[in-house]
Structures are given as C-alpha cells and as structure tokens.
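A.B. asks: Just passing along the structure, written as structure tokens.
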Amino acid sequence: MTETQGHGNQEGHAPGSKFGMVIDLDKCTGCGACMVACMAENNVPTKPDETNKLDTITWMRVFKLSNGKAFPDAETCYLPRPCMHCGGKHDAGHSPCVSVCPATATDYSYKTGIVSQIYTRCFGCRYCMGACPYHARYFNWWDPKWPADMKNYLSPDVSVRMRGVVEKCSFCFHRYQRAMDLAYYEERELEENEYQTACTQACPAGAITFGDLNNEDHMVYKVTHEESEGDEILRGRTPFRLLEELETNPKVYYLSGRDWVVKAGNASVREEAKAVKDTGGHH
Amino acid sequence: MEAAYQKIVRLESQLHPLGVQRAPLWQFVLWMGFFGTILLWGVYAMFLCWFKGLNQTNMNDSYGFALWIWADLGVIAVGGGAFFTGLLRYVVGKDPLKYIINYAVLIGFICYSSALLILAIDIGQPLRGWFIFWHANVHSMLTEVAFCLSCYFGVLCIEYIPLVLENRKIDEVPIFHHTSHNFHEVMAIFAATGAFLSFFHQGSLGGVAGVLYGRPFAYRPEFFIWPTTFFLFTWSAAACGPCFTILVTKITEAITRKKLVKDNVVELLAKIAGWMLLTYSIAKIIDTLYWAFVMLPKHNLHVLDFFTNQSLIYSKLGGVPWILVVEILCSVIPAVILVTKKGRQNKPALIVAVFLGSMCALINRWVMVLQVMAVPVLTFETFALYFPSWQELATTILPVAYGVLLISLSHRYLPVFPQERELNPV
C-alpha cells in the first residue's frame, strides 16, 4: 500500500508520526553545543577555515540576532536553525525542496514527517537549495575531510557524503531507525525519550524539545497545542514558526517572550525596524 | 612551400558552396585560431571543474544557481528563434522565412548544445547526470526541462543535418543527397515537434523560478497548473529569439562585409518579433503589477524591498528599481520600433531594436536566476552577493567561442544563406 498524502490519513494504519521540535529562544545561550553535537553525530566534514558560512556545512546553525538598538536597549537572541522538515502547502508533503528535486533524491515521509536526502541519488543540481527559504541545505563543494584521528570517531550509522551532493539535517533519522528496531523487536510502541536528536540532548540549557507533533502524550504536542501540561515550557508565550506566511509548514517551532524576536521570525508581522543579524557573532 | 599552400587553398576552396566568395584561407585560419584559443581556455576551465569539483567556482550555499544557470537560460531564450522561425516557416506558412531558417536553426543548435554543455559542468556529480531521466520526479520543473531540452536538441540535430549534407562535396554522394532531400520533405513534422517541445522547456525554465513558493521574489500565481512565468518565458523566447537571430545575421553581414539575407525577409521576421514583444511586454507588465500589488502585500513585502542592496545592481536609482525598469523597457522600446514599418526599415533603429530585444530575455533571465538567489528571505538575513571565478567566466565564454567557430565553419562550407549568391554575384 502506498502512503497517502496528509498526516494520519494512511488507510488501515495508525496515524502517522510527525516529528518536530520546539526551541525556546529565551533559554538558548548561543553556546553552540547543538552545532558541535550535530556535526559529530552526523559525520559532517570540516574545513581548515570555517569562517565563511556560505560554503561550510552546518546542518544546525545558530544565528545571532540583534534588535538593532543601542545600549542600554540592545538585546541579543540566538536562533538555532535546523532543517524545518516542511510539510509544504496544506501540510501535504509538498515541501519546497522535495517538490523541485528532479531526481527524487529528497523525499517526504508521511510516516514520520521527515524530509530525507538520498545522497547517492543526488546529482548536485542544487535546485533544492534555491527552493529552501531557510538556507538549511548545504552543498559539498569539497571532498569531505576530517583530521586523521577524527576518522576513527565517525559514526557508522551515518553515511559520509561525497563531493558534489547536497546534504542537510535529518532529525538524526538513524536514531529513529535504531529506536524503531528495538521497539519492533520488543513488540511495543516507540517511547518519547527513545528517539531524540543529538542537538536536543546536547543543549545544556534544555532549550530544545523534540518529539511527535501528532502524539498527544509528547511534550511538543502539548506545547504546540498550548495545553496546560505544556505550561512549564510555554510560560504564556505563543509558539511561532519561521516564515509561516509562506505556507511552508515547518515542523520547528520557536518560543520567545520578546516581541522583536517573534517579529524577526515572521515576515508577515515584520516591522519597520527589522531585526538584524549580528555580524560580530562567532557562529 | 608556396606551391603546397596554393594546393591546399585550391582543395579547400572546393568545399565552399558554389558561386560564392570566401575569405582567404590564411585569414580564416587566423580567425579560427583566435577563437580556438579562447575555446581551449574554456575547455581547460571546464576540466578543472570536472576534476576538482565546483569549489573552482565562486558559487556558495546562497548562490547555488549562478552565472552558469543564467547563461543556460539566456542561450536557450535567445536560441528560441529556431523553434519560432521554424513554426512560422513550416507550420504557419510564412514562406519568405525559408531564406533565414537555416541560420535560425544553426544559432538554435549552438545555443542548445551550449546549454547542455553548461548543465553538464554545473552539476556536482556529472557522471550521475542521467539520474534526472532515470529517477525522474514528474513534479519537478527541472525534469520537464531535461526531457524537453534533450528531445528538442535531437530535433535541432535533425534540422541541422540536412544543411551539413548540402556541403558541395558531401552532396555529391547520392545517399547523402537523397537523405538531405528527404529530410527537407518531412521538416514540417520536426518543426511542429520542435515548437511543441520548446513550448514546454522554455516554459518549464520559467517555472523553475515561478514555483519557488518559499521565495516571494520568484513565486508567481498559477495559471492552470503552471506559474505565470511558464508562459512569460515561452512568450519572451518566441519574441526575443527572432531578435537574436536578426542581430547575429546583421553581425555576420558586418563581419563578412556581405549582404546575406534580403531586407523583406528580415523585416517580416522583425515585424512578427515586434508584435510578440509588444504582447509580451503587456503580459509582463500585468504580471509584475499583480506580483507587486497583490502577491507581495500578502507577505507584508513591498517591491522596493528587493532593491535595497548597496551594490549597483540590486539598488534603486532615484527611488526606482532600475533593473526592473530596464527589463521592461527592453521589451517596450524594441516592440514600438519593430511594429512600425518606418522603424523596421530604418537600419540603425532595427539594430537597436533587435539588440534591446535580445537583452530583454537576457536581463529577465538574470533577474529570475541571480536576483532570486540574492534577495534574503529570512528577515534577519542580508543580500548575498557573488562574483564569478575565472573558471566560471571562461566556461561561460566557451559557448561564445564555440558558437563563433561553428558559425564560421558553417558559413564557409555550407549553403547557410540561400540568397547569398544572388545578393553577391561573383
């Protein structure tokens, strides 16, 4: 049976999962642990000089935003940006990148809501990169290289990518596969804490919450549906997503009590004095 | 030595079409050598890109599509003269265009083969290029481009082959003579097929940008299942392609210092191009207004937001987004010149019009490729600027050199211009 479009509409099957993330921007300190964890977990190659962020690979990238005001009103916000795993218009799986890939090298899973990247099928046309408004996709401009000793630390669960293909955050999909294997073997459902992304676990401030947006028991569901059980995380704030007005339907939600941060994330409520990226940041 | 050279000259002259005069061989060799050197420079850069990867370029993760894709879309647009002139000649029945169709086909062949070559350099894994056919995603505009482009290049080959077979020496071989003759007999079918395929690949190239709903600068409303850019690209190719055909014809006439096509033929094609440009400019203006005043406000965006960069190209001059205005003027001005008989018959005005008409497509493709990549979408991002590396420039100049070489060879050895003998009696 082929998967039908739309979450939870698989005939004869239990509703599909829709994994997503809630990032508390008021908690994020910008330490970059999520970026480091992501790179280590997913065998992301490095370059001797990573200062040019336009040609280095950072599946998870922390942006440093400023409200553009002078002291004493100056404020800074660190905004971690993984792949948004967009559901596309009407949340039907037509993500901006998936629909444009000419070789079906990136796909949308109606079972998990995760946008995958098939490295061995990608031929490097980079159309998906142009389609992604979040710049969450990266091209391997160079052959992947690691310092000699670091090769021993590469994860055997994640394939390394060759020069000339596009890659991006997978929500640590290999962790999902591993957890599902165990759950299947033990004939039980997947528990919330069994499948967590590396960035979620690495965040020392606990700013990232990850889980199934379709599962009422998961915290991400409670937070995004503003249910009372999520109050501890919500603290009166309303979750928002980046560029919601474009109908990309991202699965990454953000929280902030600061109005200018919320406005920075949504072009539809942008104000005259836009938030600006602080170029002095180290990320 | 002198005798040997004279012998070569005599033998080589037997390959020329009958009854025409060609430049001395030494001059031709020098000319070919100059452009051949440029070609080799481009080929060297091409191999660097293939062997060392796309790190040889200045493209980056913000500029995944850059100079090459612009060149690709540009040559396909101006190469549109082949399909549209073919359609007019063989399907609509504009008979006088038979005197320029060979050249239109040759220009189209050069443009499309260049486009395919550029694509082969542009992809990160060239050896996997065939995946676009094997693992085709039918929802992707690029898939449609790949299929229609490849098929249409096949059609152009079929249209160009009879011309090659008409070389004086080749034509002496009966099988080639008959093959060429029979190809001409069925050319209407290929012209119609070419027009059909071109409609889709020119359109789907427009769709490449128009479907990007994550990028408000490029995204356009759908008409049936295609964004409006689909139709605008096809329309502009049909309008600007003939302008480019006329422009190259005039350049060729200037270089060879000979009249090659009669004025009535050029004026007929110019008139049709003029009306196509006029209707295109109206459609383009309506599309731009709808985008600016209906679509952008939905995102709380203003058209001027896309022209706030400090660089010259994406800035405003006197509060006006000049590149957008120039793009539209490049369709309106030539349209006004070409639809009037006086304008068409005025030589300098005609040259200006076909030059602007060609620029119209090239600027439009620039905006729909490079500016799409440059403008920020996230509110906290800034304009991304880019300047191509020498490898990118060399590989973009490569098709120009290749085009000059192929035109030079074709003009010297093939009867490209049927009216040449009549217009230049030896």
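The values are calculated or read from the model by the stated rules, or taken from the named source; none is laboratory data. Worth saying up front: this structure is predicted, and the values here are computed from it rather than measured. A quick note on method: Cβ atoms are made from the backbone with ideal geometry, for glycine too, and the neighbour counts reach across all protein chains shown.
A.B. asks: Out of A:Arg161, A:Arg188, A:Arg178, which single residue is out of contact with any helix residue (DSSP H, G or I) (no Cβ under 7 Å at 6 or more places or on another chain), more than 30 Å from A:Tyr127 (Cβ to Cβ), of a type outside the set (Val, Ile, Thr) and part of a loop (DSSP other than H, G, I, E, B)?
C.D. replies: A:Arg188
A.B. asks: Limited to region B:369-426, what total is found for residues that are of a type in the set (Gly, Ala, Ser) and more than 19 Å from B:Ala104 (Cβ to Cβ)?
C.D. replies: The total comes to 5.
A.B. asks: Which of the residues that make up region B:288-308 are within 11 Å of another protein chain (Cβ to nearest Cβ) and assigned to a helix (DSSP H, G or I)?
C.D. replies: Matches in region B:288-308: B:Leu296, B:Pro297, B:Lys298, B:Asp305.
A.B. asks: Could you say whether any residue in region A:134-145 is more than 22 Å from A:Thr46 (Cβ to Cβ) and aliphatic (A, V, I, L, M)?
C.D. replies: no
A.B. asks: Which residues, taken from region A:201-246, are in contact (Cβ under 8 Å) with a residue 60 or more places away in the chain, in contact with a His (Cβ under 8 Å, 6 or more places away or on another chain) and not in a strand (DSSP E or B)?
C.D. replies: Result: A:Asn214, A:Leu246.
A.B. asks: Scan region A:247-271 residue by residue and report those that are within 25 Å of A:Gly211 (Cβ to Cβ), modelled with pLDDT of 90 or more and either buried (at least 18 other Cβ atoms within 10 Å of the Cβ) or in contact with a Ser or Thr (Cβ under 9 Å, 6 or more places away or on another chain) (or both).
C.D. replies: Correct list: A:Thr248, A:Asn249, A:Pro250, A:Lys251, A:Val252, A:Tyr253, A:Tyr254, A:Leu255, A:Ser256, A:Val261, A:Val262.
A.B. asks: Scanning for something more than 11 Å from chain B (Cβ to nearest Cβ), out of contact with any Cys (no Cβ under 6 Å at 6 or more places or on another chain) and surrounded by fewer than 17 Cβ atoms within 10 Å (Cβ to Cβ), does region A:92-106 turn up at least one residue?
C.D. replies: yes
Condition check ((1) touching a strand residue (DSSP E or B) at 6+ places or on another chain (Cβ under 7 Å); (2) surrounded by fewer than 20 Cβ atoms within 10 Å (Cβ to Cβ); (3) of a type in the set (Gly, Ala, Ser)) across all residues:
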| site | (1), (2), (3) |
| --- | --- |
| B:Ile110 | no, no, no |
| B:Ala120 | no, yes, yes |
| B:Pro126 | no, yes, no |
| B:Phe133 | no, yes, no |
| B:Val138 | no, yes, no |
| B:Leu142 | no, no, no |
| B:Phe147 | no, yes, no |
| B:Ile158 | no, yes, no |
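A.B. asks: Which members of region B:309-347 meet the condition of being closer than 19 Å to B:Tyr280 by Cα and outside any helix (DSSP H, G or I)?
C.D. replies: B:Thr340
A.B. asks: Among the candidates B:Ile118, B:Ile175, which residue alone is in a helix (DSSP H, G or I), without any contact (Cβ under 8 Å) to a residue 12 or more places away in the chain and not polar (S, T, N, Q)?
C.D. replies: B:Ile175
A.B. asks: Which of (1) of a type in the set (S, T, N, Q); (2) more than 30 Å from B:Pro162 (Cα to Cα); (3) touching a residue at least 40 places away in the same chain (Cβ under 8 Å) is the odd one out, the single condition B:Thr382 does not satisfy?
C.D. replies: Result: B:Thr382 passes all but (3).
A.B. asks: I would also like to ask the following. Please enumerate the residues belonging to region A:107-121 that are out of contact with any Asp or Glu (no Cβ under 8 Å at 6 or more places or on another chain), of a type outside the set (Val, Ile, Thr) and surrounded by 20 or more Cβ atoms within 10 Å (Cβ to Cβ).
C.D. replies: A:Tyr108, A:Gly113
A.B. asks: Give me the residue from region A:126-154 that is more than 8 Å from chain B (Cβ to nearest Cβ) and modelled with pLDDT of 95 or more and, out of that set, surrounded by the fewest Cβ atoms within 10 Å (Cβ to Cβ).
C.D. replies: A:Ala136
A.B. asks: Any chance you could count how many residues in region B:258-304 are out of contact with any Lys or Arg (no Cβ under 8 Å at 6 or more places or on another chain), free of Cβ contacts under 8 Å to residues at least 40 places away in the same chain and surrounded by 14 or more Cβ atoms within 10 Å (Cβ to Cβ)?
C.D. replies: 2
A.B. asks: Confirm whether B:Leu149 is touching a residue at least 40 places away in the same chain (Cβ under 8 Å), in a helix (DSSP H, G or I) and either within 14 Å of chain A (Cβ to nearest Cβ) or hydroxyl-bearing (Ser, Thr, Tyr) (or both).
C.D. replies: Yes, satisfied.
A.B. asks: Determine if region A:169-187 includes at least one residue that is in contact with a Phe, Trp or Tyr (Cβ under 6 Å, 6 or more places away or on another chain), within 14 Å of chain B (Cβ to nearest Cβ) and buried (at least 19 other Cβ atoms within 10 Å of the Cβ).
C.D. replies: So far as region A:169-187 goes, yes, one or more of its residues are in contact with a Phe, Trp or Tyr (Cβ under 6 Å, 6 or more places away or on another chain), within 14 Å of chain B (Cβ to nearest Cβ) and buried (at least 19 other Cβ atoms within 10 Å of the Cβ).
A.B. asks: Further question on the same structure: With the structure loaded, tell me whether A:Val62 is β-branched (Val, Ile, Thr), in contact (Cβ under 8 Å) with a residue 60 or more places away in the chain, buried (at least 17 other Cβ atoms within 10 Å of the Cβ) and within 13 Å of chain B (Cβ to nearest Cβ) or whether it fails that test.
C.D. replies: yes
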